[in-house]
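The values are calculated or read from the model by the stated rules, or taken from the named source; none is laboratory data. This one's a predicted model, so the numbers in the text were calculated from it and none came from an experiment. Note that each Cβ is placed from the backbone with ideal geometry, even for glycine, and that neighbours are counted across all protein chains shown. Note: areas computed on protein heavy atoms with side chains; ligands, DNA, RNA excluded. Shrake-Rupley method; radii C 1.70, N 1.55, O 1.52, S 1.80 Å.
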Amino acid sequence: MTSITSVELNYLVFRYLQESGYEAGINKCTIDGNLIPPGALITFVQKGLQYLEMEANMSNNDVEMDEDFSFLQPLDIITKDVNQLRQMIKEKRKNIQKDKDKDKEKNKDKDKNKDREVDREHEAERGRVREKERHEKEEREKEREKAESNKEPEKQPEELADGDMVMDQEDKDAIGHEENGTSIGQEPMDIATTSTQASQEACEIPGSDVTILEGHTSEVCACAWSPTGSLLASGSGDSTARIWTIADGLCKSGAQNSPLNVLVLKHVKGRTNEKSKDVTTLDWNGEGSLLATGSYDGQARIWTTNGELRSTLSKHKGPIFSLKWNKKGDYLLTGSFDKTAIVWDVKAEEWKQQFEFHTGPTLDVDWCNNVSFATSSTDHMIYVCKIGEIHPIKTFAGHQGEVNCVKWDPTGSLLASCSDDITAKIWCMKQDKYVHDLREHSKLWDVELGKLLYSLNGHKDPVYSVAFSPNGEYLASGSLDKSMHIWSLKDGKIVKTYTGNGGIFEVCWNKEGDKLAACFANNTLCVLDFRM
């Protein structure tokens, strides 16, 4: 608000007295001085200045009415007419707008630098993962070469075909000791990963039983069948998820990429393949009515089966690596690179509780029941958490490397975990220490006894995914060697196999158990008929 000083007012009074004549006697005035409040002249002059100031601002047709009010100096108001005052206000606002534009540019530069820094962090994390995989592969090659050079010729039983699940002699010896009332620790042993071409060809799934789903423009890293229908969801590095409608009955050979049977769920407007929008994980709710996706941008999104984006959940400050619906379908659980896990209230579309226990990125999450769950991290730790509790209700420590995956058994009493320390472990809520330490990967174990049942001998490169059939009679495995094997758990043999054109990141069965899906590094998704 414009204000006038006593010096300025005194000068105005002096000028008035000069102009009106000093001898104009005040005694002749009929006004009762007792009725005039102190400071009346100042108040009167002040109101006049405010009126002129308002007139100069509000009558300026060149300026939007919602712009900031411009204050003027009293002497300017006194010595200039309204048009001059309007021009002054216009110049003032131009200068203010210039300053605002400069600030916006500075903020844009800051945001760009911040985005570049985040991108560098994400790229560094990816580079770390790639370097880790490369190093592991080199180590495996060295071990394989060393094993071959030290291996003495042995006579193999003629009836044992490569590609079978075999029980090693050392395992038989260990079981024999257990039967006699003693047990011995098993040393890690080499896993035979070669298979003859003849045995592979004998059970190769024919092309007529394979449907190749094309459309993604980057690697397909996640897939999941709807639990109630014939819908298959896939997530890719091209910043999209897709919902494919798979016809009942036998597959039609060849590519299936018609827009009639696929919905594209875009996670970024316009361009695709933005690495900050990689779809890293996805999961259907129990009713099969909603699909949740997690992305490298730190947001979880919920979609309907017709491809409509229902809600976007934003609070994480880094990529989401895992997400799961609880069985009831009222909560969604997410784990992120920002070291936290968040439970989201799906109906309210807001976060209910954030759990900040890990000191490294949260790699996986899994519900135990509708209100409690487990989280695993690069910090080697596993925490069991419960909604409403501010501390973990259980802490499992024992792994010597990053814990990549956790999974509860159907009863919610046992928790399985696998780690970069080359072990899988079984944990029980009643104990602090792991119940079983499973040191042979690509193996099938009896969890209750912690006993090795079979070795999965067939893949040449790391196995990234395994999945039991709904009836529990078969096991599917997918590997970076581009092959998927289906094993019989009755006789320990590979009964079906399929080789694609890229490494396999995930395999999954439909609810009927007559179809499998596999997602590949060559941007494709395959659906295979399974019948014996």
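Among T340, T375, T359, which is the only one that is out of contact with any strand residue (DSSP E or B) (no Cβ under 7 Å at 6 or more places or on another chain), closer than 25 Å to K425 by Cβ and among the β-branched types (V, I, T)? Walk me through how you get there before you give the answer.
Details: T340 fails: out of contact with any strand residue (DSSP E or B) (no Cβ under 7 Å at 6 or more places or on another chain); T375 fails: out of contact with any strand residue (DSSP E or B) (no Cβ under 7 Å at 6 or more places or on another chain).
Being out of contact with any strand residue (DSSP E or B) (no Cβ under 7 Å at 6 or more places or on another chain), closer than 25 Å to K425 by Cβ and among the β-branched types (V, I, T) holds for just one of T340, T375, T359, which is T359.
Taking the conditions exactly as written (more than 11 Å from the chain's Cα centre (by Cα) and closer than 20 Å to P227 by Cβ), does V371 satisfy them or not?
no
Just for strands (runs of 3 or more DSSP E) wholly inside region 310-383: which have at least 3 residues that are farther than 21 Å from G235 by Cβ?
350-355, 372-377
Quick one: how many residues across region 387-437 are in a strand (DSSP E or B), open to solvent by 40 Å² or more (accessible area, probe 1.4 Å) and of a type in the set (D, E, K, R)?
So the answer is 2.
Please find, among L516, L480, the residue that is closer than 22 Å to T281 by Cβ and modelled with pLDDT under 90. Before you say what the answer is, go through the steps one by one.
Values: L516 fails: modelled with pLDDT under 90.
From the options L516, L480, the qualifying one is L480.
Can you name every residue in region 488-507 that is in contact (Cβ under 8 Å) with a residue 24 or more places away in the chain and in contact with an Asp or Glu (Cβ under 9 Å, 6 or more places away or on another chain)? Quick ask: steps written out before the conclusion?
Here is the first cut: in region 488-507, the residues in contact (Cβ under 8 Å) with a residue 24 or more places away in the chain are 489, 492-500, 502-507.
If the condition is that a residue be in contact (Cβ under 8 Å) with a residue 24 or more places away in the chain and in contact with an Asp or Glu (Cβ under 9 Å, 6 or more places away or on another chain), then L489, G492, K493, I494, K496, T497, Y498, T499, G502, G503, I504, F505 are the ones that fit.
Output the number of residues of region 297-309 satisfying the condition of being part of a loop (DSSP other than H, G, I, E, B) and either under 22 Å from N261 (Cβ atoms) or open to solvent by 10 Å² or more (accessible area, probe 1.4 Å) (or both). First the steps, then the outcome.
Narrowing region 297-309 to residues part of a loop (DSSP other than H, G, I, E, B): 297-298, 305-308.
Going one step further and asking which of them are either under 22 Å from N261 (Cβ atoms) or open to solvent by 10 Å² or more (accessible area, probe 1.4 Å) (or both), we end up with 297, 305-308.
Residues in region 297-309 being part of a loop (DSSP other than H, G, I, E, B) and either under 22 Å from N261 (Cβ atoms) or open to solvent by 10 Å² or more (accessible area, probe 1.4 Å) (or both): 5 in total.
Residue by residue, here is whether (1) out of contact with any helix residue (DSSP H, G or I) (no Cβ under 6 Å at 6 or more places or on another chain); (2) buried (at least 17 other Cβ atoms within 10 Å of the Cβ); (3) in a strand (DSSP E or B); (4) not aromatic (F, W, Y) holds:
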{"position": "T211", "(1), (2), (3), (4)": "yes, yes, yes, yes"}
{"position": "G215", "(1), (2), (3), (4)": "yes, yes, no, yes"}
{"position": "S218", "(1), (2), (3), (4)": "yes, yes, no, yes"}
{"position": "A224", "(1), (2), (3), (4)": "yes, yes, yes, yes"}
{"position": "P227", "(1), (2), (3), (4)": "yes, no, no, yes"}
{"position": "L232", "(1), (2), (3), (4)": "yes, yes, yes, yes"}
{"position": "D238", "(1), (2), (3), (4)": "yes, yes, no, yes"}
{"position": "R242", "(1), (2), (3), (4)": "yes, yes, yes, yes"}
{"position": "A247", "(1), (2), (3), (4)": "yes, no, no, yes"}
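Among the residues of region 490-506, is any crowded, with 16+ Cβ neighbours inside 10 Å, in contact with a Phe, Trp or Tyr (Cβ under 7 Å, 6 or more places away or on another chain), under 16 Å from W225 (Cα atoms) and of a type in the set (A, V, I, L, M, F, W, C)?
There is at least one residue in region 490-506 that is crowded, with 16+ Cβ neighbours inside 10 Å, in contact with a Phe, Trp or Tyr (Cβ under 7 Å, 6 or more places away or on another chain), under 16 Å from W225 (Cα atoms) and of a type in the set (A, V, I, L, M, F, W, C).
Does K490 satisfy being more than 27 Å from the chain's Cα centre (by Cα) and not in a loop (DSSP other than H, G, I, E, B)? Break it down into steps so the answer makes sense when it comes.
Numbers: more than 27 Å from the chain's Cα centre (by Cα): yes; not in a loop (DSSP other than H, G, I, E, B): no.
Here the answer is no, as K490 does not meet what is asked.
Only one of these is over 25 Å from the mean Cα position of the chain (by Cα) and free of Cβ contacts under 8 Å to residues at least 60 places away in the same chain: M429, M381. Name it. If you could, list the steps in order and put the result at the bottom.
Working: M381 fails: over 25 Å from the mean Cα position of the chain (by Cα).
Testing whether each residue is over 25 Å from the mean Cα position of the chain (by Cα) and free of Cβ contacts under 8 Å to residues at least 60 places away in the same chain leaves just M429.
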